[in-house]
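Visitor: The structure follows.
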Amino acid sequence: MSKIGVFICHCGENISSTVDVVRVAEAAGELEGVAFSTDYKYMCSDPGQTMIKQAIKEKGLTGVVVGSCSPRMHEPTFRKACKEAGLNPFMCEMANLREHCSWVHDKSEATTQKAIDLVRTLVEKVKLNKPLFSIKVPVTKTALVIGGGIAGIQASLDIASAGHQVILVEKDPSIGGHMSQLSETFPTLDCSQCILTPRMVEVAQHPNIKLLTYAELEKLEGSIGSFKATIRKKAKSIDENLCNGCGTCTTKCPTKKIPSEFNTGLGMRTAIYVPFPQAVPNKPVIDKENCSYYQKGKCKVCEKVCPTGAIRFDQEDELVEIEVGAVVIATGFDIMQPSGFPEYGYGKYKDVITGLQFERLASASGPTLGEIRRPSDGKIPEKIVFVACAGSRDPAKGIPYCSKICCMYTAKHAMLYQHKVHHGKSYIFYMDIRAAGKNYEEFVRRAIVEDEVNYIRGRVSKIYEENGKLIVKGVDTLLSAKPVEIEADMVVLASAAVANPGAEELAQKMHVSYDSYSFFSEAHPKLKPVETNTAGIFLAGACQAPKDIPETVAQASGAASKVIILFSKDELSRDPLIAVVNRSPAPVFSTCVGCFLCASACPYQAIGEELITNRQGKVIKKVAKVNPGLCQGCGTCVAFCRSKSIDIQGYSNEQMCAEVVALLNND
Amino acid sequence: MTEFEPKIIAFVCNWCTYAGADLTGTSRIKYAQNVKIIRFPCTGRIDFMLLLKSFGEGADGIIVSGCHPNDCHYTSGNFHARRRWIMFRGLLDLLGIDVRRIQYSWVSAAEGAKWADIVNSTVNTIRELGPYTEYEKVAGYLEKEANQ
Amino acid sequence: MKIGLYPGCSLTGSSREYNESLLAIAKEAGIELCQINDWNCCGATAAHNLNKELSLSLPARNLALAELEGMNELVVPCAACFNRLVMTQHELSEKNDLRKLISDKLQLPLKNEIKIYNVLQFLEKHIVPRLGQLVKNPMAFDVACYYGCLLVRPQNVMKSERFEDPMTMDVIMQKLGANAIDWPFKTECCGAGFSVSKIEIVGELSGKIVRNAVDHGAKAIVVACPMCHSNLDMRRPAIDKYLNMKMDIPVIYITQAIALAMGLTPHQAGIQRHFVPVNLPVNLPVNR
């Protein structure tokens, strides 16, 4: 037997000036099932809330309807008041008499009647409300961070410093990512390795961080608070406990001519190698595809010279299962490859290189020890042309977006070149100069004024070789409005930032959505930049969209804070307005026929299977089951179900029907 | 003879249109009283049989409104709703129900003025179309059959 | 096998040899090319920007006439004519109402389904498969294949994969035994219509093309467009003036190259019509 209490608010004069609130309360009082109905000036105030609490206790109310402002405003307020009075908070609903009624209509009979109709509708709904309890999901306080670049490093350090365990998985032999390949960073011209390596060491030594390098995510199962991840530790062919990082093996390896990935193909490495001197961990791995022993069965020099006997040719990949409560994706980005630029001759002419390759040339630990030299003949270039927007902002190349970092790093490259080669001349062909960060515009000005970098506004149509020089054909649209031809010694293409190869596959493994460029999708572009649509999986860094280091670090800390919030409780509490598949006793068990249309409609993969077995263990029925930890309560599944076997708590079929009937019948 | 005042029911999603209607209120933009809102978590939740139920209970017109495509709070609910609407519209046609009685729209949380426009134009349309009496006739006929 | 042919003004006039060589090799390959009866100008001047309807109607009439004659395929050797016809087909296929409007104005039915080929597409489809047995006189020397601007553009209509570095002509020349060099001026502008208004510009632009081809060791430039040919060949004096030296490299049409490779005489290939004497480093049959 329902005993609903109705509380109509005047909201000062906001409602009462156009709606006859006294009459609304009276009309509500006459409804069947309403045990108490009153009006008051400010329902959300302390005395107003006290009034509700008292009525609940004195009248033994089973439900409450507050006719006042929008539930988007005060629903939590009134539900909390009900809870404090001992009434299940989900037995409280609000009728929107202000935003949807008093504020949008003039004072009239029709307006008051509408208010009466709205209250009546919610009363009929509340009669069918059931007490609901927040869902508790246990939380494993270990985080999985995928990707060991600056984003992954920052996120790991933040989460670990908050006292939680972190497992950092990196697919390359060392952490550091692209930032470790840079020479100096804008706008300060800080040495990149100098600011990065302390963090890398901190990660390696942090008691709460377990570092797994040369490893990748194989599988991810489970849901927020209780994921199960399978990590594939690729065989390094080294016993890490025995290896002391002396590096003797790398000096003695006879296979020396493998293009170094770290040096972007401009330098060589050996088959057993450490990617760069400051690598963390500073232990080598064997590149099986290029090692003489693995390919031809010969050699084994490294094994012979190793002082600790750490070489293990028979080592296999290892699959490790870990339980984590949250995942942070920090897999970074890649640079667009040569096949995209036939008109620039990238790949054809050795002296046409990408920005990342230029970083390696400029880097003191690079293949030329920091001297800018042409890859073709090793000579120092007298004239360098930088081509901005090589691929970016170009729908014909399939990349209509802006890669964000190129304007700044191109200015930086030109400055570094001018600092190293004083008599050199540099030219930058640009479309716009995007220098929107702190101190960025000043940095570009410095390049133009102090370092005399020549900025030419126009695009480059073709680059070809003639008499040992690279002829760059472009146009100057600002000063002369004429075509420009420059005979350059080297050309640097600021090629577009693109998603890593394999990004799609990784996203699919984790059920994270990605856009048409394979960048991972954030849950809301404005308000949720570090969350994904998959609860418990967060994003940090350039894997979401191209960005520079300050933004990456900020976003990584943001993702870490989301993880820390998640871990601040032992249990997750979620709104119980979720879908439930009906169950009933044998022999029906459920009206669900197991068509799983609902599962296909669910954007959160929240619907799984439940096997119903008889006493002997034989499966008699397969029905749908909603994972309360994942369901977000949209109700798409409910509208899909042909047998009406799944329903949403709080927006059930019965309730919605009752609302419709109540709204349209005012007798 | 009193002028016919249409009874119109609106099924809106909590995250966009409901919030948009809230904004209309906050902006104090006035519109006709004939439309009353029922809150849904998402337009994807709307079982279109509820629309028929509404006509059966005396509605003269219906508004269904949610987030713009690609903006759904639950990612894809509004896509499902849209697809359902397209199929349902064909069925309504077949049944002889004037599709102009149902207004399907996207109103975001920022489009307070748009909500008012939609309400006003729908009310005008329904006023021109007149009260929806077909269901009564059918219901009356069925009752007569049942009583025989 | 019967295929439609739209010659356009150039093939009956300034590029007569293009037509002659094309018909000759088609005949050798057993293909009959039939000119569309009562074909009209395709409107390939800059004027097509001034009157949209006329610019579509002129090519559309040719397509409609071809359809009436029962043609399923149409080869258009002149690159500019080809561009007008294919762009018209593209636009009318996207806008049905426009197609009906133009069809009404022309008073001709227009289904707009005929397949339009430029000479390279036609050669690739119909001649190259039969080349094997027909090559009697391999063109065993270095050639520079020059595509000009219209054969691979616009990108969204032509949908060629390699619009910065096309290879279709190169592949055909290779099948004839030639070494098609890799050079960066394949699609650079020759000066186009400035051929009549500002010849110095043609001298400069075409001059750069010719010099680059010669620098890369080419013994002939192969083209598939009457405009390319006339700028590189007929305007050689302007080129020589710009480069300040006399350039001897001959310019031949791809159809002429195939004709010579098939063992046809120079006269049948029409090379006597060129301004720059065609001296190739291979033996050619004597004219009868």
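All of the numbers you see were taken from the coordinates with simple rules; none came from a lab. Everything quoted here is computed from the prediction, not taken from an experiment. Glycine also receives a Cβ, built like all others from the backbone with ideal geometry; neighbour counts cover every protein chain displayed.
Visitor: Relative contact order of the stretch A:1-61: what whole-number percent is it, with Cα pairs under 8 angstrom and at least 6 residues apart?
Guide: 43 percent
Visitor: Would you mind pulling out the separation of the Cα centroids of the stretch C:80-141 and the stretch C:217-288, in Å?
Guide: Comparing the Cα centres of the stretch C:80-141 and the stretch C:217-288, I get a distance of 26 Å.
Visitor: Moving on to the next point. What average count of beta carbons from other chains do you get within 10 Å of the Cβ of residues in A:94-103?
Guide: 5
Visitor: Compute the distance from the alpha-carbon center of the stretch A:17-61 to that of the stretch A:592-650, in whole Å.
Guide: The stretch A:17-61 and the stretch A:592-650 have Cα centres spaced 39 Å from each other.
Visitor: Quick check on my link table: of A:Lys350/A:Lys462; A:Lys80/A:Lys130; A:Lys283/A:Lys404; A:Lys136/A:Lys622; A:Lys136/A:Lys562, which ones sit more than 23 Å apart, alpha carbon to alpha carbon?
Guide: Beyond 23 Å: A:Lys283/A:Lys404; A:Lys136/A:Lys622.
Visitor: State whether the stretch A:334-498 is rounded, prolate or oblate according to the following rule on the C-alpha gyration tensor (a ≥ b ≥ c being the square roots of its eigenvalues): a/c under 1.5 gives rounded; otherwise a/b larger than b/c gives prolate, and the remaining case gives oblate.
Guide: Taking the square roots of the gyration eigenvalues as a ≥ b ≥ c, the stretch A:334-498 is rounded.
Visitor: Moving on to the next point. Starting from the Cα of C:Lys246, draw a straight line to each of the aspartates and glutamates and keep only those under 18 Å, dropping any in the same chain fewer than 8 residues away.
Guide: Cross-link targets: C:Glu200, C:Glu204, C:Asp215, C:Asp233.
Visitor: When ranked by the protection proxy of mean other Cβ atoms within 10 Å per residue, highest first, what sequence do the peptides A:259-269, C:217-227 form?
Guide: C:217-227, A:259-269
Visitor: Can you tell me which aspartates and glutamates have their Cα less than 19 Å from the Cα of A:Lys141? Leave out same-chain residues fewer than eight positions away.
Guide: A:Asp158, A:Glu221, A:Glu321, A:Glu323, A:Glu531, A:Asp570, A:Glu571
Visitor: Taking each residue in B:42-55, count the Cβ atoms of any other chain within 10 Å of its Cβ, then average. What number comes out?
Guide: Neighbouring Cβ atoms belonging to other protein chains average 5 per residue here.
Visitor: Where a Cα-Cα gap under 12 Å defines reach, which aspartates and glutamates qualify for C:Lys125, not counting those fewer than 8 residues away within the same chain?
Guide: Straight-distance partners of C:Lys125: C:Glu73.
Visitor: When the dipole is taken about the Cα centre of chain B, and only Lys, Arg (+1) and Asp, Glu (-1) are charged at their Cβ, what size is it in debye, to the nearest 20?
Guide: Approximately 360 debye in magnitude.
Visitor: May I ask for the distance between the Cα centers of the stretch B:72-147 and the stretch A:222-284, given as a whole number of Å?
Guide: So the two Cα centres are separated by 64 Å.
Visitor: When ranked by the protection proxy of mean other Cβ atoms within 10 Å per residue, highest first, what sequence do the peptides C:246-256, B:10-20 form?
Guide: Per-residue Cβ counts within 10 Å, averaged per peptide and sorted highest first, yield B:10-20, C:246-256.
Visitor: Another one. Mind checking the stretch A:282-380 for GluC sites (Glu not before Pro) that DSSP puts in a loop (not H, G, I, E or B) and that have at most 10 other Cβ atoms within 10 Å?
Guide: The qualifying sites are A:Glu316.
Visitor: Averaged across the residues of A:390-397, what count of C-beta atoms belonging to other chains lies within 10 Å of each residue's C-beta?
Guide: Partner-chain Cβ atoms within 10 Å, mean over residues of A:390-397: 1.
Visitor: Let me confirm the definition first: pairs of Lys residues in the stretch C:2-119, 8 or more apart or on different chains, C-alpha distance under 25 Å. How many are there?
Guide: 15
Visitor: Arrange the peptides B:68-81, C:36-49 so that the one whose residues have, on average, the most other Cβ atoms within 10 Å appears first.
Guide: For the peptides B:68-81, C:36-49, the packing ranking is B:68-81, C:36-49.
Visitor: Students often get this wrong, so check it: of A:Lys107/B:Lys7; A:Lys210/A:Lys288; B:Lys7/B:Lys53; A:Lys256/A:Lys412; A:Lys383/C:Lys241; A:Lys473/C:Lys175, which have C-alpha atoms separated by over 21 Å?
Guide: A:Lys210/A:Lys288; A:Lys256/A:Lys412; A:Lys383/C:Lys241; A:Lys473/C:Lys175
Visitor: Here's something else I'd like to know. Do any trypsin sites (Lys or Arg not before Pro) in the stretch A:565-667 lie in a loop, going by DSSP, with at most 10 other beta-carbon atoms within 10 Å of their beta carbon, and if so which?
Guide: Counting only loop positions with at most 10 other Cβ atoms within 10 Å, the trypsin sites (Lys or Arg not before Pro) in the stretch A:565-667 are A:Arg615, A:Lys618, A:Arg642.
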